[in-house]
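Inspection log for the structure reproduced underneath, given as structure tokens.
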Amino acid sequence: MVGASLALALQDTPLKVMLIEAVEPESAAQPSFDDRTTALGNGARRILNSLGVWPQIAAGAAAIRTIHVSDAGRFGFARLEAAEHELAAFGYTVSNRHIGAVLWQALRERARVCLACPARVLEVQLGADSAQVRIAEASGGERRVQAALVVAADGAHSLVKQAAGIASSDSDYGQVALVANVRTDRAASGVAYERFAENGPMALLPLGSGHYTIVWSLAPDRAETLQACSCSQFCEQLQAAFGWRAGRILQSGRRAGYRLSLVRALEPAASRAALIGNAAQALHPIAAQGFNLGLRDAAVLAELIAAASDPGAAELLSQFGARRAADRRGMIAFTDSLVKLFGDRRAAAVASRNLGLLLFDLNPPAKRALARLSMGFGGGLPRLSRGLPLLPRFPAP
Ligand SMILES: Cc1cc2nc3c(=O)[nH]c(=O)nc-3n(C[C@H](O)[C@H](O)[C@H](O)COP(=O)(O)OP(=O)(O)OC[C@H]3O[C@@H](n4cnc5c(N)ncnc54)[C@H](O)[C@@H]3O)c2cc1C
């Protein structure tokens, strides 16, 4: 999702851009455009609008106008209303498949980007002046490409990151996110629920169809049991953990599990290579920020390279790292501390968390800060987030 967004952002620049993707976007095996639903904040909406694809994405999106945060079996809860912050919505939920279809349709129609798909990067050699990439094509053949810059948008276990010699830290949360769409007896209408239950945090997000999607973070053995049980048993267990705020849970779709860990590259770039999206940082989905953050990586990188005579120059890559540092650090710390705070079942932690939720509900500045989260944690808003074209001399795509 992040690499395709960057390629689209660069479409009207004079740069020669090649997007290399191993799995066709329409394939059931596509790991990025899969069955998950992504919550896009207003910052992401603005970037996608600047890329000219928001109207098509919005056609498959549902608005989140209220966020309800609660702790199962406790008194504390917080309710945030978008209208109180003069926002039409806090964000929008869209299926990854729909995002993928829209991004790739735009890439295919506006043919300035060379699309190598399906094609797999086998090897990357980075030099001082250029990079060499060896690619396996679907035909069984291989080809080599030389580039001024290689952008690693190949996910948490990025081959490009390894080839660049960039180390990364990997802390396993010991949790699996169980993802499924569910139907309740009351159609979803703009309310997203974040609930901290005994077995792990869960989010119920509204979908355009009136159904919900759930993301439930669980111990791996518990997730495995819930993935394997019957639909009615799963609905019962979910109801018991979530409660009745969204009505009776009637039916669940296919359940998929994602092992959760915090993977963080120790450097944002190397000679002739830059890291964006999950290749730079893969977060726990508790705050639904991974793609939102990755899209800001792409927007800042696009802005810097669109203006450069040499898009892989060392000075440019160090500027990129500097501009992204505060946002990355802030979002990683915010997400990680939420996982730890809400994963702690000790009595003192539960009590202070509940007090925290109550105070948060009474505290407008704290709520305002959360409402602004989708603009990131600093480092200067990229032009695309401000609705501006990439560079003054290029028209908005
Ligand atoms: C359960 C769950 C729910 C989430 N919900 C949200 C949410 O609500 N909001 C949000 O902002 N974020 C969310 N996220 C995070 C979000 O999904 C990721 O941040 C996002 O997918 C990152 O995208 P990416 O493009 O960087 O990497 P990926 O999605 O991992 O994509 C990498 C791409 O690179 C390709 N690739 C890999 N290796 C090669 C190679 N050698 N050659 C060619 N191509 C290759 C792959 O085929 C793939 O298409 C969630 C994550 C999870 C696990």
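Ranked highest first by the average count of other Cβ atoms within 10 Å around their residues, in what order do 271-277, 180-186, 134-140 fall?
Averaged packing, sorted descending, gives the order 271-277, 180-186, 134-140.
About the Cα centre, and with charges only on the beta carbon of Lys, Arg (+1) and Asp, Glu (-1), how big is the dipole of region 185-234? Nearest 20 debye, please.
Here region 185-234 has a charge dipole of around 140 debye.
Select from ASN42, GLN239, ILE214 the residue farthest towards the positive end of the dipole of the chain; place +1 on Cβ of Lys and Arg, -1 on Cβ of Asp and Glu, and compute about the Cα centre.
Value: ASN42.
Note the direction-averaged projected area, equal to a quarter of the hull surface, for the Cα convex hull of region 123-255, in nm².
12.2
Restricting attention to region 183-268, which GluC sites (Glu not before Pro) occupy a DSSP loop and are surrounded by at most 14 other Cβ atoms within 10 Å?
GLU198
Using a Gaussian network model of the chain with C-alpha springs under 10 Å, which one of PHE234, PHE320, PHE242 is most mobile by mean-square fluctuation?
Its mean-square fluctuation being the largest, the pick is PHE234.
Which residue, LEU338, LEU317, LEU205, has the most motion in a Gaussian network model of the chain that connects Cα atoms within less than 10 Å?
Fluctuation is largest for LEU338.
Using alpha carbons only, how many angstrom separate the centre of region 78-113 from the centre of region 305-323?
After rounding, the separation between the Cα centres reads 28 Å.
Cβ neighbours within 10 Å, averaged per peptide: list 121-127, 61-67 in order, most packed at the top.
61-67, 121-127
For the chain, what does the helix formula give at 222 nm: sum of -39500 (n - 2.57) over DSSP H segments with n ≥ 4, over the residue count, nearest 500 deg cm²/dmol?
-10500 deg cm²/dmol
Would you work out the charge dipole size for the chain about its Cα centre, treating the Cβ of every Lys and Arg as +1 and the Cβ of every Asp and Glu as -1, and quote it to the nearest 20 debye?
Roughly 660 debye, rounded to the nearest 20.
Compare ASN199, ASN292, ASN49 in a GNM of the chain, Cα atoms joined below 10 Å, and give the one with the largest fluctuation.
ASN199
If all Cα-Cα distances of the chain are sorted into 10 Å bins from 0 onward, what percent lands in each bin, rounded to whole numbers?
In order of increasing distance, the bins hold 5, 22, 33, 25, 12, 3, 0 percent.
What is the dipole size for region 87-148, taken about its Cα centre, with +1 at each Lys and Arg Cβ and -1 at each Asp and Glu Cβ, in debye to the nearest 20?
It works out to roughly 160 debye.
Rule-based calculations on the coordinates, nothing more; no lab input. Since the structure is predicted, the reported quantities are computational estimates derived from the model, not experimental observations. All Cβ positions, glycine included, derive from the backbone under ideal geometry; neighbour counts span all protein chains shown.
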